[in-house]
Amino acid sequence: MSLSELGAAVRWLREHTEPAGDRTRRRVRGLRREELAELAGVSADYVRRLEQGRRHPSAGVVTAIARALRISRADYERLCALAGYAPMDGRVPREAGAAAMRLLERFPETPAFLTDAAWNVVAVNGAWLALGSGTTGGPARDWNVAWRTFRDARREIARTDDHRAGFQAALAARLRDTALRYPADTGLAELVDELRSTSRPFDTLWRTPNTVAAYENRAVFSTPDGEGITLDGNLLGVPGDDLLAVVLTAAPGSADAARLAEVVRASGAPAVLRVGQAGPG
């Protein structure tokens, strides 16, 4: 990967792309940085730094820039190669490989589940099922984290206003990046359209996206017996399958940790369970 080569390629393509529908004579050849930035959903300063070889864009930004420039498939593949990514334009992968499933098995007493890049849960471990916050049946949308968060939040999961806002921002930001990377996934497009048309908070976050560099969140889970357990959530990437592992932990030595251990031991839930496209909120 060469950031200087990537930057030079983006600049050349920008300078050789005429604005759509612009038939006026322009002093500046091609697109201005500000125009490309607006079309790609980034700042003009970001484009400047990128062209100078001072920024390493995400796969989603590479795809957004390629779409804004209306470049050929060959040019898109070249940009992806220079940035160190594989071109993405098909469907979101929804299969968890053996290694990803083993990851869940390594957390027998820690609630964890796997989601695809569109936030569809594909597998859960027994500790998550022990919390009683998700079922294995029901419509597929019941097992999509974004849908449950913005449209049908579970009463068994409570967050403070700040943690709820941070959680929603992270969901929307990652879903937007996924939509840029997989523009041909009709199921994903339908999910986004439904969320935008039925959830004002989601639509606001979608139209004014924030960069979420790291994810950490806290929630109180009501167990089947009615008691609450406070858990911190973190994300682990599974790059090979383009999956995310959501892992929930209690503070070591705390009453929450002791209570979680009791609930897990008493549940008798299977170690790992595939749930298809259906996910917890």
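The values are calculated or read from the model by the stated rules, or taken from the named source; none is laboratory data. From a predicted model like this one, the values you see are computed outputs, not experimental measurements. Please note: Cβ atoms are built from the backbone with ideal geometry, for glycine as well, and neighbour counts cover all protein chains shown.
Restricting segment 241-264 to residues that are more than 26 Å from the chain's Cα centre (by Cα) and in contact (Cβ under 8 Å) with a residue 60 or more places away in the chain leaves a set whose member that is surrounded by the fewest Cβ atoms within 10 Å (Cβ to Cβ) is A261. Could you tell me whether any residue of segment 137-145 is of a type in the set (K, R), outside any loop (DSSP other than H, G, I, E, B) and at pLDDT below 90? Yes, there is a match, as at least one residue in segment 137-145 is of a type in the set (K, R), outside any loop (DSSP other than H, G, I, E, B) and at pLDDT below 90. V272 fulfils the conditions (1) crowded, with 19+ Cβ neighbours inside 10 Å; (2) over 30 Å from P93 (Cβ atoms) except for a single criterion, (2). Condition check: modelled with pLDDT of 90 or more, surrounded by fewer than 19 Cβ atoms within 10 Å (Cβ to Cβ) and either not hydroxyl-bearing (S, T, Y) or not assigned by TED's automatic domain parsing to the domain that holds A117 (or both). Does E194 satisfy that? Judged against the criteria, E194 is a match.
Count, please, the residues in segment 146-189 that happen to be among the aliphatic types (A, V, I, L, M) and in contact with a strand residue (DSSP E or B) (Cβ under 6 Å, 6 or more places away or on another chain).
Selection size over segment 146-189: 2.
Give segment 164-193 a look and list any residue that's of a type outside the set (A, V, I, L, M) and touching a residue at least 12 places away in the same chain (Cβ under 8 Å), or say none. Scanning segment 164-193 gives G166, F167, Q168, R174, R176, D177, T178, R181, Y182, P183, D185, G187. In the condition set (1) closer than 20 Å to D242 by Cα; (2) touching a residue at least 60 places away in the same chain (Cβ under 8 Å); (3) of a type in the set (A, V, I, L, M), A158 is compliant with all but (1).
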